[in-house]
Each structure stands twice: as structure tokens, then as C-alpha cells.
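What follows is a short report on a single structure.
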Amino acid sequence: MDFAFDNSFHADMEGFFAPGEAVQPLEPKLLAFNQALADRLGLTVADVEDEKLASIFSGHELPAGADPLAFAYAGHQFGHFSSQLGDGRALLIGEMLAPDGARFDLQLKGAGPTAFSRNGDGKAAIGPVLREYLVSEAMAAMGVRTTRSLAAVATGDRVQRERSHPGAVLTRVASSHIRVGTFQFFAAHFGADHVIQLSDYTVRRHFPELVETANPHLALLDRVIGLQCELVARWMGVGFIHGVMNTDNVAVSGETLDYGPCAFMDRFAVNTVFSSIDANGRYAYGRQPQITHWNMARYAEAMLPAIHAVNPADVDAAKALVDAIPARFRAIWLDEMRTKLGLGRPHKDDEQLIDSLFGELEQHAVDFTSFFRALAQLLRGEGDMLESLLPDAEAMAPWIADWWSQLEREAIAPLERADAMDAVNPFYIPRNHLVEAALVAAEAGDMAPWTKLLEVVQNPFVERAEWGAFAQPAPIDAAPYKTFCGT
Ligand code: AMP
Ligand code: MG
């Protein structure tokens, strides 16, 4: 197995990380391996035995060319600045170059303590590892930018949380692990030179086309803001709630990062919160755009020393970029919603239609995912699905009539439009009650429900008769779903 490592952060960014090593797991056992992702990375594992994969992807055995390290970072957590965070339970083993030249970080999550573990054990329990694997692969299949999951390995150890759990290690693949919090760390402790060095590295690695711009740091800020707005608009479109949008969990690459207490909404409610640690609803579904604005303001602050060093006048430009975020986000979000609704070209009446939708969905407690599929069914002349989602035939009738008349502005055949909608609106998402049941079974040693659910959410758009149960929300009288952070 040849990893084609090319460890640029290790080589170019001395002082921005701490070297690390994985703890020897007791008895590593492969739980899941992502063959399609291995192919994407150019990792040939056809003749490699599961024992060998388990050994490598638990940190038991380091592949040739690995340079393990833990990144330093800081971050605003629930609005409060922590100047010392860093990879406490994650270890970069190296950067891989895929056959097409794309660069990826390979990181082990849960392989033991690092220089940044503080009081933590550096380990991960099987539930959160399998949750991140499942949800990140579902997001990738839905076309949402995200870190990926290459492998999950049980360590044979126990991990103590509220109670004792089997331990596991996740191998995470990211285009990089540079976070807003990485910039904040070096802005807070070291000042302009380090921010400039990190920004230069980030631009070279992610956005080489910006190297020649007048002020690459300002251009980077602009690009990161754009990517975050696009990302969060996509989250909103699939009903995803990240749950811990702290600045240390925001990747500058625009990928969804750090799946903790995240979950998908079933019935629409704008204030939905699943995380047990988010008592005030700071990171509720409907607050994610405002939080993005807030997080990007923190990013701009960290970038200011670099932006100023190139041209002091650009500080005003940076401020203008931050001030423009609400309008910028709304434009991107409206596009997302238009696509979901099959609306095509923007029109002045769209906004009213889109804005009024959410009140309707909330009033009638409509399953968010199924609703958009039911609209496409309506275009095919099938009203049963929509009827089953609504309390009575009159509910939403005026909204549907309005939507229908707006569709008629563009001469697109209904069936063609319905197919286009189905290609962007998932039929299968990781439903909370199914995820929970799969994790409970996995913890008890039965991987079958998890493996099945993974197969379903990796194929989100095409309805299959035999997968009917996977599209149903939790029963209406089920207890409110709660998610927990501790991985
Ligand atoms: P999170 O809220 O999961 O994004 O993590 C916040 C910070 O806590 C990061 O710096 C993590 O590396 C650290 N952390 C979380 N869990 C552990 C653990 N089990 N051991 C060491 N550090 C941890
Ligand atoms: Mg984190």
C-alpha cells in the first residue's frame, strides 16, 4: 500500500504544529472501509488484508512517509474565546497526493493524546466515530462539501465518557484541516508575521489563482466568506444542523468539519436544536446564517494584520466584505431554494414565495425532506405523497397554487422539471431515529444496521421500493431527539 505522502505543512510550517504519535491500540479490528474514497485517493488496497488496514488506520502501524502531527488552533466556543485548543484527539498522519494531483490530509481521530489534549484522553468512542462516518458520507453523496471518512477501526480498548464505551478511531480525509481557529491562534499569540505565513500557505494550497492578486490576504478572506455562505446555504437546503459552529470547527476550505452533535431535521421548525450542550439555541437551524456572519467577522479580525501589512487601505475593504455577508448569503440561499423548488431563473416574486414557505411548513409540521419530493410528484400528476404530509387537503393550497403559477413563467416540461428537482432534493437522509438505532446495534457488536443505513444514505436521490422505511420520519410521539458532543 503506497500512500504517496507529500507533507507540505510539516515541511513549510515549522512552529505551527506539535509532532505527535499514536497510542498502541489493544486489538484493532476493521469496522468499515471506504473503497470508493480509497480509489479517489489512489490508494491501492485490493490485496491488503483487513488486519493490515485495521493496524494502519488505528495508528498501530505507521505507513512509510508519515509525519504525524497535531495542529495548534484557538477558537470562539459558544461566543467565548479560548486561546489554547488544538488537535487534542486528532493526529495528522500525512498529506496525500491523489493521482490527479489533488492534495488531502489524512487524519486519525481518537488515536490517543497529543500536546494539545489538556485534560482529555485523546480517544474516541465507537458511537461518535460511526456517526461521523455515516453523516459525512451522506453529505458527500448529497453533494455538500465535507471532510470524508476513509476507515473506522475498533481499538479493543474502553473509553470512559458518562459511561464506558468501546473505543474506535476514524480516519478523516480533508482537503486541509486549516480552520478559522488556526488563524485566530497565530493572530492571538504571534501577530502579523505568522498570520501572513499561514495565509500565504493557505492561498498556495487552496487558491493558487489568488497568489498574484494585489492583496492575496484580502482575496482569501473574500473567498472563504463565499465558500462558507455556499456551504451553509447547502446545509439549510438539506435540513442539516451542525450543532457546534464554533470558529475552531470552521474549515477555510469550505468543507463541513467536525461532526459532533449534528443532526437532520425531520418536521420543519426553524428553531430546531439537537445538541444537549446548546441550551440557548445559539446554533439552531435558523440561526446558522447569522452565526456564519459572526464567525466570518472573527475570521476577518484574525486576518487584519496580514491584510493591513500589504495595504492599510484594504482594512476598509475587509470590513465591507463582512458587512455584505447577510445580503451575499441571502442571494446564495435564494438560489438554493429556487433550485429545490424547480423555479429556474430568478424573478421578483420568488422571494415572497420562498419566505412564506417556511411558516407554512412549520405550521403544518411538514417533514422537510419529503416535502420537496412530494412537490416533484405533484408535477408528475401524483398528489398522494403531498396529501400524506399535510393535515388536510386545504393546508398549503394557496401556497401550492402560487408555486404552480410561478413555475408556469418558464416553459419547462413538468416531467423534466420533476426529474431536475429529484436530482437535488434527497429522498434519503440519515434520519435521527435510524442513526441512533444503528449506533446502539454497532455498540452491541452488530454492524449490520449501520452498514445498511450507510448504503441507503450513499444513494440519496433515487427512491427504491424496498427502502420505504428509511424515508419515514420518527413517529410523531417519539421523545425529542438529543445529540451529545463527546467523541
Ligand atoms: P470539539 O468541541 O469536539 O470541536 O472539541 C473542542 C476541543 O476539545 C478541541 O481542541 C479538541 O481537540 C478537544 N477535545 C475534545 N475531545 C477530546 C478528547 N477526548 N481528548 C482530548 N481533547 C479533546
Ligand atoms: Mg472541533
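Across region 147-161, rounded Karplus estimates of 3J(HN,Hα) from the backbone phi angles (6.51 cos²θ - 1.76 cosθ + 1.60, θ = phi - 60°) give 5, 10, 10, 9, 7, 10, 10, 6, 8, x, 8, 9, 10, 8, 10 Hz, Gly and Pro being marked x. For region 68-76, the Karplus equation 6.51 cos²θ - 1.76 cosθ + 1.60, evaluated at θ = phi - 60°, returns couplings of x, 8, 10, 7, 7, 7, 10, x, 8 Hz by residue, with Gly and Pro reported as x. Taking a ≥ b ≥ c as the square roots of the eigenvalues of the Cα gyration tensor, region 122-176 is classed as prolate, since a/c reaches at least 1.5 and a/b is larger than b/c. Local charge for residue 24 was computed over the other residues whose Cβ lies under 12 Å away, with Lys and Arg +1 and Asp and Glu -1, and equals -4.
When a 1.4 Å probe is rolled over the protein heavy atoms, the share of accessible surface on region 38-104 that falls to carbon and sulfur comes to 48 percent. Enter the Cα centre distance for the pair region 331-362 and region 402-429, rounded to the nearest angstrom. Each part reduced to its Cα centre gives a spacing of 12 Å. Only Cα pairs under 8 Å and 6+ residues apart enter the sum, and on that basis the relative contact order of region 295-434 stands at 26 percent. For residue 348, a cut-off of 18 angstrom between C-alpha atoms picks up these lysines, skipping any fewer than 8 places away in its own chain: 340. When the helices in the chain are scored as -39500 (n - 2.57) per DSSP H run of 4 or longer and the sum is shared across all residues, what 222 nm value do you end up with, to the nearest 500 deg cm²/dmol? Computed ellipticity for the chain at 222 nm equals -13000 deg cm²/dmol. Counting protein heavy atoms only, region 341-487 has 57 percent of its accessible area on carbon and sulfur, 1.4 angstrom probe. Amide hydrogen proximity for residue 263: with H placed 1.01 Å from N in the peptide plane, the residues at 5 or more positions away or on another chain lying under 5 Å are 241. The modelled label-to-label distance for the pair residue 476/residue 409, using points 7 Å beyond Cα in the direction of Cβ, is 3.5 nm. Accessible surface of region 180-335, 1.4 Å probe: 55 percent of it comes from carbon and sulfur atoms. Give the relative contact order (percent, whole number) for region 180-335; include only Cα pairs under 8 Å separated by 6+ residues. Worked out over region 180-335, it gives 30 percent. For the chain, just say rounded, prolate or oblate: build the C-alpha gyration tensor, square-root its eigenvalues into a ≥ b ≥ c, call rounded for a/c under 1.5, and beyond that prolate if a/b exceeds b/c, oblate if not. It is oblate, given that a/c is not under 1.5 and a/b is not larger than b/c.
For the cross-link pairs 109/482; 52/452; 123/452; 52/109; 319/482, the ones whose C-alpha atoms lie over 29 Å apart are 319/482. Surface analysis of the chain yields an accessible area of 40 Å² per residue, using protein heavy atoms and a 1.4 Å probe. Across region 50-61, rounded Karplus estimates of 3J(HN,Hα) from the backbone phi angles (6.51 cos²θ - 1.76 cosθ + 1.60, θ = phi - 60°) give 4, 4, 5, 4, 4, 5, 6, 8, 10, x, 5, 9 Hz, Gly and Pro being marked x. What separates the Cα centres of region 216-289 and region 45-121 is a distance of 23 Å. Within the shell defined by Cβ-Cβ distances under 14 Å, the residues around residue 459 carry a net charge of -3, with Lys and Arg each +1 and Asp and Glu each -1. For the chain, the relative contact order is 15 percent, taking Cα pairs closer than 8 Å that sit 6 or more residues apart in sequence and dividing their mean separation by the residue count. The distance from the alpha carbon centre of region 1-30 to that of region 158-207 is 14 Å, rounded to a whole number.
The values are calculated or read from the model by the stated rules, or taken from the named source; none is laboratory data. Predicted, not measured: the structure shown is a model, and the values here were computed from it. Note: ideal-geometry Cβ built from the backbone for every residue, glycine included; neighbour counts use all protein chains shown. The area values use the complete protein model at the heavy-atom level, side chains included, leaving out ligands, DNA and RNA. Shrake-Rupley method; radii C 1.70, N 1.55, O 1.52, S 1.80 Å.
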